[in-house]
Amino acid sequence: MSQFLVAIDGPAGSGKSSVSKQVARELGFGYLDTGAAYRALAWSVQNLENFGLELLPAKDLAADFDYKISLDPDDYWVRVGNHELTAAIRTSEVAESVSSVARIPEVRVFMKDLTRDLVAKSSYPGVVVEGRDITTVVAPDAEIKILLTASEAVRLKRRSAELSEATAASVKRQVSERDASDSKVVDFMTPAPGVQLVDSSDLNFEQTVNAVVSLIEQSGSTKESK
Ligand code: DC
C-alpha cells in the first residue's frame, strides 16, 4: 500500500464512520468503510443462494463474492453483483447477524486482502480506512493510527438518534451486545502500540473531526501527499 494511510478503529457508535468520511473530505483523501463488506456478506447470506453461513469457511470468496464499494466520501455506495446495497446493509436484520459472519476466521483473512486491494487500486493520494481491526491487523503500518472511542452511554445515545425506528432493545443489541460479540475476535477497545486514542465522549462532531485532523497534521507527513 503506497498511499498515505489513516487507520481508524473503534466500537459501534463511536462516530468512526461519519468522522472518517469528513476527515477524508478535508484532506482530499478516499474513505474506506471496511464494515460495509462484512455487512454486504451478511446480506448475501440472508438473500443469495449458495451463501449459507456454514458454506463460508470453504467458499472461494475472492471468486464468488462480487463486492464493490465507492471510496468517494461524497458519493458513497455499496454493491454486490447487480444488487445496490447502500441502504440494505444498514437494516437491523443485517446489523444483528453481521457478527456471526465477522467471527469466521477465513472470512477475516479474505476481508484483510480485500481491504488492502481496494486501497492499492484507488487513485487517491491517501485513504482514511475505518473498521475494527484496521490499526492492528489490516494496516498496522499506516502512517496514522487512531482508536476512536466514546463511553457506552454516549454511543447508545448516538446510535438511537441514527436509527429512529429501532426500539431501545434493538439499539442495545446492536451496540453493546455486538461489541461484546465482536470483541471476542478483535480487541478494539485498547489502543495497540503506536495507536493514538481519541475519546469523543465530550466532543461534538466538528471537535472530533478537528482532533483527528490535527493529529494527522501534527505528524507532518501529509504535506508531500496533499
Ligand atoms: O463498523 P460496522 O458497524 O459497519 O461493522 C459491521 C460489522 O463488521 C461489525 O460486527 C464488526 C465487523 N467488522 C470487523 O470485524 N472488522 C472490520 N474491519 C470492520 C467491521
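Observations
- Accessible-area composition of the chain, carbon plus sulfur, in percent [1.4 Å probe]: 50
- Aspartates and glutamates whose Cα lies under 15 Å from that of K21, excluding same-chain neighbours fewer than 8 positions away: D9, D33, D72, D74, D75, E130, E206
- FRET efficiency, 1/(1 + (r/R0)^6) with R0 22 Å, evaluated for D141 and D199 via beta carbons: 0.35
- Calculated Rg and Dmax of the chain using C-alpha coordinates, Å: 16.7, 49
- Helix-derived mean residue ellipticity, 222 nm - over the chain, DSSP H n ≥ 4, -39500 (n - 2.57), to 500: -12000 deg cm²/dmol
- Top of E54, E96, E152 by mean-square fluctuation, Gaussian network on the chain, Cα under 10 Å: E54
- Within the chain, DSSP assigns beta bridges of which about 25% are antiparallel (rounded to the nearest 5).
- Cleavage-rule hits (trypsin sites (Lys or Arg not before Pro)) in region 16-113: DSSP loop, at most 11 neighbouring Cβ within 10 angstrom: none
- Most mobile listed residue (D113, D72, D141) in the chain, GNM with C-alpha springs under 10 Å: D113
- Highest-fluctuation residue, T135, T115, T149 considered, GNM on the chain with Cα pairs under 10 Å: T115
- Members of K112/K172; K16/K68; K121/K157; K121/K145; K59/K121; K121/K172 lying beyond 26 Å, as alpha-carbon distances in this model show: K112/K172; K121/K157; K121/K172
The values are calculated or read from the model by the stated rules, or taken from the named source; none is laboratory data. Every value quoted in this text rests on a predicted model; they were computed, and no experiment measured them. Using ideal geometry, Cβ is built from the backbone for each residue, glycine included, and neighbour counts are taken over all protein chains shown. The accessibility values were calculated without ligands, DNA or RNA, using every heavy atom of the protein model including side chains. Shrake-Rupley method; radii C 1.70, N 1.55, O 1.52, S 1.80 Å.
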